[in-house]
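The values are calculated or read from the model by the stated rules, or taken from the named source; none is laboratory data. Not measured: the values here are computed from a predicted model. Here the Cβ positions follow ideal geometry from the backbone for every residue, glycine too, while neighbour counts run over all protein chains shown. Just so you know, the surface numbers come from the protein's heavy atoms only, side chains and all, with ligands and any DNA or RNA stripped out. Shrake-Rupley method; radii C 1.70, N 1.55, O 1.52, S 1.80 Å.
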Amino acid sequence: MTTKGIPSYREGVKKLKAKLSRSLSACALEVFNSDAEELGKEHTSILKLGVGDKAPNFTLLNALHESVNLYAVLSTKRVVLTFYRGTWCPYCNLILSQYEAVLPEIEKAGATLVAISPQTPDASLNITEKNALQFNVLSDNGNMVSKEFTTIHKNPERSLHTMCELGYDYESYNCDEASEIPIPATFIIEKNGSISYAKTEGGDYRNRVEASDIIAALNKG
């Protein structure tokens, strides 16, 4: 935790990596880490929208199969919009749990948090329950919304194969069978639809936008 009580992803991921090194075989760990490093090198220009751009409207289903419309939410509050890979990704579980921890600070700043992945609503419900999330987790079938904000890429074949060996039925999580996922990125959208904050930590999915950065951006000025 930081001095202000905001969780630190940098510190949290150190513990996560140590845990993974104990629970995964050296071979599996090498595959995932190598693929993450390659994605970091391959994808350097990631964001499709930046500060000052108008966020496109969308309507997606949440974990309870309810329709959530971006502009309807913006009619009453700002939106912190974050894109993640899926409930099968331990780094996603870590960062979403940390964002949940600062949800009161987000709401205090007149905003709400919305997370998007290509998972089915049932898979979204899984991550919601696993991390006791109190914000909307939306299902983006075919990454139709995600690709307007961030870069979409194929999940590396080596990683998919290793996931299968570990007992993960990857295709059961997603709305389609394309094996495509978004590069994690986070945006703040003002009530007028304009983007006031846009950030990614790169193609290496082990790196994520710190909760403290989001809170600072919300409270700026």
Kirkwood Rh for the stretch 1-102 from C-alpha pairs, in Å, is 16.9 Å
Table column - 3J(HN,Hα) (Hz), the stretch 72-78, Karplus curve with 6.51, -1.76, 1.60, x for Gly and Pro:
5, 5, 5, 5, 10, 7, 6
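Could you work out what % of the accessible surface of the stretch 96-221 is carbon and sulfur, using a 1.4 angstrom probe and leaving DNA, RNA and ligands out of the count?
C and S atoms contribute 46 percent here.
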Order 77, 147, most accessible first, counting only protein heavy atoms with a 1.4 angstrom probe.
147, 77
Using only Cα atoms, tell me the angle between helix 26-42 and the longest principal axis of the chain; keep it within 0 to 90° and round to the nearest 10.
50 degrees
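Projected area of the stretch 89-138, taken from the Cα convex hull and averaged over every viewing direction, in nm²?
3.2 nm²
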For the stretch 1-58, compute the number of Lys pairs whose alpha carbons are separated by less than 27 Å, excluding pairs fewer than 8 positions apart on the same chain.
8
All aspartates and glutamates inside 15 Å of residue 77 as judged from Cα atoms, apart from same-chain residues fewer than 8 positions distant:
105, 107, 190
How high is the relative contact order of the chain, in percent, with contacts defined as C-alpha pairs under 8 Å that are six or more residues apart?
30 percent
Residues of the chain: accessible area per residue at 1.4 Å, in Å²?
47 Å²
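All other residues with a Cβ under 13 Å from the Cβ of residue 137 taken together, and with Lys, Arg as +1 and Asp, Glu as -1, what is their net charge?
On the way: positive: 85, 130; negative: 66, 100, 122, 129, 140.
The answer is -3.
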